[in-house]
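The structure appears below as structure tokens.
The values are calculated or read from the model by the stated rules, or taken from the named source; none is laboratory data. All of these numbers come straight from a predicted model, not from anything done at the bench. Here the Cβ positions follow ideal geometry from the backbone for every residue, glycine too, while neighbour counts run over all protein chains shown.
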Amino acid sequence: MAAGGHRTTCRPRQTRQALDCRAKRISVTRHLHIVGAGVAGLAAACRALARGASVSLYEMAGHAGGRCRSFHDDQLGAEIDNGNHLILSGNRSIQAFMTDAGADPEGFSTAAAAGFDFFDLQDGREWRIAMNDGCLPTWIFDPDCRAADTGPADYLAALKLLFAGERTVSEVFGGGAAFRNFWEPLSVAILNTEPDIASAGLLWPVLRETVGRGGKACRPMIARKGLGPALIDPAVRKLEQNGATVRFGTRLRKLEVAGNRLGSLSFDHSSVEFGPDDAVILAVSAGHMARLTSEVVAPDSHRGITNLHFRMAEPLAEPGQPWMRGIVGGISQWVFIRDNILSVTVSVAEVYESAAAENLATVVFEELRKALDLKASSYESFRIIREKRATFTQSAEQLKRRSGPETAYSNMFLAGDWTATGLPATIEGAVRSGHIAVAKAMESP
């Protein structure tokens, strides 16, 4: 008898059947086929492995990591990252990925406090944005902790992002010193899109998860030897050592449909047929997705990033202690210093695509001489890497073309920084997309 003297009743048959189906799904080992070994695909593969799934990972390139890979450059005689990437201590999805991958936290140099140094090429001024650890941002009331020519109200203006709608960054923050010295560098770094068209609302979830949690969530984390050794390589090792199949040089050409499911994947020289417990996560670029199927809507406009790497005769950073600096008023936007390599990031780089490499390197290095107070008159060698489709254009129009993780096929799911994660196209967004896709795939019938 139940409390109160009422007799309990049996569960309806429909509920019992649902529980039986759920128990069956839990007892069956799911086999996830993940296409794409960039950050999204690797994060998905490691998460699937952690959840007990059988994993097969396919990558068309000869290596993993995508835009986050590291490689030895003969021109520089050093290992460099394909692109410069900043991770913050509050990036919870990346932290979870590191755990899943078995990555050593010591592979990153994590700042003791949230501080970001800037140099203004126009007037030579320097400033440091120094955030306190607590959630109450007392730092905005200290002139020594703010960007030049800004006041507390310029930072409290972030609350306007809650009501930004489809307005652009320029429409919300445009004009004045605060825009030039804080909001523009911040938005370009996060969105890789011109402020005149970049969606202001997309900044809010980033600020909520980092700045909104205080300086303790905003401490810069820079890979000591590059993202490859720190994160990508451990993830691949974790997969291979735990029974996952990892196949490089395998390009997906066609999706074969069988009713409301994918029946198989056709690669260059092979195909994979699916059983009832197989599911696929397509962690490919938006462009590749468009070539595979017209049934998935994906962004069709992109923005580039140019990275310039300079080899210096002498180290400018202590071994294993990389550092960074923001630059305003020129072409350079961020410079990362690791040993004797200076790596410069230029986001929204379309305007410089046609510039001769030697000319661009000369101009940028002159900016570095000022920003870093370099005594050297020149560099030993340089390398320019131009990524013409680094991210999708993060405008209100293109945001409408982001697809969610689920598709019309019950066993096909999507991942990638271009999918609808609620975050911009960042590493954190890419990792989270992989985790979301795995959660959906593991729950699918």
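Within region 13-56, work out how many residues are modelled with pLDDT under 95 and not in a helix (DSSP H, G or I).
Residues of region 13-56 modelled with pLDDT under 95: 13-30.
Narrowing further to those that are not in a helix (DSSP H, G or I): 28-30.
Qualifying residue count, region 13-56: 3.
Considering region 58-176, the qualifying helices (runs of 4 or more DSSP H), each wholly inside and each with 3 or more residues that are free of Cβ contacts under 8 Å to residues at least 60 places away in the same chain and buried (at least 21 other Cβ atoms within 10 Å of the Cβ), run over 169-173. Just so you know, in region 355-377 the residues that are surrounded by 13 or more Cβ atoms within 10 Å (Cβ to Cβ) and not hydrophobic (A, V, I, L, M, F, W, C) include one that is farthest from residue 70 (Cα to Cα), and it is 370.
Quick check: is even one residue across region 173-182 of a type in the set (Phe, Trp, Tyr), closer than 25 Å to residue 337 by Cα and in contact with a strand residue (DSSP E or B) (Cβ under 6 Å, 6 or more places away or on another chain)? No, region 173-182 has no match at all. Exactly one residue out of 345, 293 is at pLDDT 95 or above, within 30 Å of residue 419 (Cβ to Cβ) and within 20 Å of the chain's Cα centre (by Cα): that is 345.
Within the option set 384, 331, 341, being closer than 24 Å to residue 39 by Cβ, surrounded by fewer than 21 Cβ atoms within 10 Å (Cβ to Cβ) and not assigned by TED's automatic domain parsing to the domain that holds residue 167 holds for one residue only, 384.
Among the residues of region 260-275, are any outside any strand (DSSP E or B), within 19 Å of residue 64 (Cβ to Cβ) and among the hydroxyl-bearing types (Ser, Thr, Tyr)? Steps first, answer last, please.
Restricting attention to region 260-275, the residues satisfying the condition of being outside any strand (DSSP E or B) are 260, 268-270, 274-275.
If we keep only those that are within 19 Å of residue 64 (Cβ to Cβ) as well, we get 268.
Next, from what is left, pick out any that are among the hydroxyl-bearing types (Ser, Thr, Tyr): none.
Within region 260-275, none of the residues are outside any strand (DSSP E or B), within 19 Å of residue 64 (Cβ to Cβ) and among the hydroxyl-bearing types (Ser, Thr, Tyr).
Any idea how many residues of region 177-193 are of a type in the set (S, T, N, Q) and either touching a Cys at 6+ places or on another chain (Cβ under 6 Å) or not in a loop (DSSP other than H, G, I, E, B) (or both)?
2
Looking only at region 210-243, count how many residues are of a type outside the set (A, V, I, L, M), within 17 Å of residue 183 (Cα to Cα) and assigned to a helix (DSSP H, G or I). Walk me through it before giving the result.
Filtering region 210-243 down to residues of a type outside the set (A, V, I, L, M) leaves 210, 212-216, 218-220, 224-226, 228-229, 233-234, 237-238, 240-243.
Remaining after also requiring within 17 Å of residue 183 (Cα to Cα): 210, 212, 218.
Retained after the next criterion (residues that are assigned to a helix (DSSP H, G or I)): 212.
Matching residues across region 210-243 total 1.
For region 383-423, enumerate the residues that are of a type in the set (Lys, Arg) and either under 30 Å from residue 73 (Cα atoms) or at pLDDT below 95 (or both). Answer for region 383-423, where residues must be of a type in the set (Lys, Arg) and either under 30 Å from residue 73 (Cα atoms) or at pLDDT below 95 (or both): 383, 386, 388, 389. Taking region 276-298 as the range and being in a strand (DSSP E or B) and not aliphatic (A, V, I, L, M) as the test, only 278 passes.
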